[in-house]
Amino acid sequence: MLEMLKNYINIAKPGIIFGNLVSTAGGFFLAAKGRIDIAVLLATLSGVSLVVASACVFNNYVDRSLDRKMVRTRDRPLAKGTMSLKAALFYALFLGISGAALLWITANLLSTAIVLTGFTIYVGVYSLFLKRNSLYGALAGSLAGAAPPLAGYCAVSNHLDPAAAILLSIFILWQIPHSYSITISWLDDYAAAAIPALPIKHGITAAKRHVVGYIVAFVAAAPMLTFYGYTGYSYLAVATGLGLFWLYLAWSGHKTSDDRLWARKIYVFSILAIFALSVMMSVDFKAPPKSNLFLSYLFY
């Protein structure tokens, strides 16, 4: 019984759920500006977490043959055969339907649609097709990864506005260096599974250039929440400092003799950076003056 429970927990990838929980909360608090509806907050966090868990289970189902070829993933329940495929599918469906229904009933249709779009991209576009066939799998994954914070924001705002666009950009630009750092750290695994990620197809040097480029874009995007009046100067200082240090780490990759150690530093710092950024946008929010929102014409 304990082993079965462990399988159900592991197949849902609790680490990924927690990370998305933090980013969803960041988006929610940014939009709420201190006016927190606890019931909606709990329902949003629960609903998003359930849909993310469903996507992870489906991903495990789709990737079970690849997972067996990779040291990092070969102990997953479906790869080892310690959980039946039928049980995994029913579990994934239950999680996804429960989460979507909870969001729809307690938040709004927009946040539900955003989460389900992220789910579709992750399971349908990324897992089933791009991961196995294209260099652009990381881009699709980044779109899916940006859905939870956007859904958290829209659970409160119930509309798309400049802050939503900036939030989406921040998390997309963050996700790709994060993804490439994982690939480089486990390069032999990805090669053994014949996954055509950019570091595999074009080499680590090309991947490093992409990492630097995306982090430069991240450094430019993160402060936009302050420049458009949604966050204060404490957020700006943290976002700028974190971004510049992450860029320094990325640039140091051109001189390193240990690519995998460098990639692990990029990976670890990426988690710390996005966690800190989510916290800061939660506590250093502002109500933007309308005069600063010239992008509003794109949304209203």
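Among the listed residues Gly15, Gly27, Gly19, which satisfies the condition of being in a helix (DSSP H, G or I), buried (at least 21 other Cβ atoms within 10 Å of the Cβ) and within 19 Å of the chain's Cα centre (by Cα)?
Working: Gly15 fails: buried (at least 21 other Cβ atoms within 10 Å of the Cβ); Gly19 fails: buried (at least 21 other Cβ atoms within 10 Å of the Cβ).
The conditions single out Gly27.
Here is a yes/no grid of residues against (1) surrounded by fewer than 19 Cβ atoms within 10 Å (Cβ to Cβ); (2) within 30 Å of Leu236 (Cβ to Cβ):
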site: Leu130; (1), (2): no, no
site: Asn133; (1), (2): yes, no
site: Ala155; (1), (2): no, yes
site: Leu168; (1), (2): no, yes
site: Gln175; (1), (2): no, yes
site: Thr183; (1), (2): no, no
site: Arg209; (1), (2): yes, yes
site: Val216; (1), (2): yes, yes
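Out of the residues in the stretch 30-41 that are in a loop (DSSP other than H, G, I, E, B) and out of contact with any strand residue (DSSP E or B) (no Cβ under 8 Å at 6 or more places or on another chain), state the one that is farthest from Asp284 (Cα to Cα).
In the first step, residues of the stretch 30-41 are kept if they are in a loop (DSSP other than H, G, I, E, B); the result is 33-37.
Restricting the remaining residues to those that are out of contact with any strand residue (DSSP E or B) (no Cβ under 8 Å at 6 or more places or on another chain) gives 35-37.
Details: Arg35: 13, Ile36: 14, Asp37: 18 Å.
Once the filter is applied, the top-ranked residue is Asp37.
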Please indicate, with yes or no, whether at least one residue in the stretch 123-133 is touching a Gly at 6+ places or on another chain (Cβ under 7 Å) and of a type in the set (S, T, N, Q). no
Of the residues Phe119, Phe171, which single one is under 19 Å from Ala32 (Cβ atoms), at pLDDT 95 or above and part of a helix (DSSP H, G or I)? Phe171
Hey, Tyr8 hits all of (1) outside any helix (DSSP H, G or I); (2) under 20 Å from Phe90 (Cβ atoms) but one; which does it fall short on? (1)
Quickly run through the stretch 109-127 and pick out the residues that are out of contact with any Cys (no Cβ under 7 Å at 6 or more places or on another chain) and closer than 12 Å to Thr44 by Cβ. Thr112, Val115
Taking the stated definitions as given, is Leu89 in the same structural domain as Leu45 (by TED's automatic domain parsing), over 23 Å from Thr44 (Cα atoms) and within 21 Å of the chain's Cα centre (by Cα)? no
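For the stretch 42-56, does any single residue satisfy the condition of being part of a helix (DSSP H, G or I) and free of Cβ contacts under 8 Å to residues at least 24 places away in the same chain?
Taking the stretch 42-56 first, the residues part of a helix (DSSP H, G or I) are 42-56.
Among the residues that remain, those that are also free of Cβ contacts under 8 Å to residues at least 24 places away in the same chain are: 42.
Taking every residue of the stretch 42-56 in turn, at least one turns out to be part of a helix (DSSP H, G or I) and free of Cβ contacts under 8 Å to residues at least 24 places away in the same chain.
The values are calculated or read from the model by the stated rules, or taken from the named source; none is laboratory data. Just so it is clear, the model here is predicted, and its values are computed rather than measured. All Cβ positions, glycine included, derive from the backbone under ideal geometry; neighbour counts span all protein chains shown.
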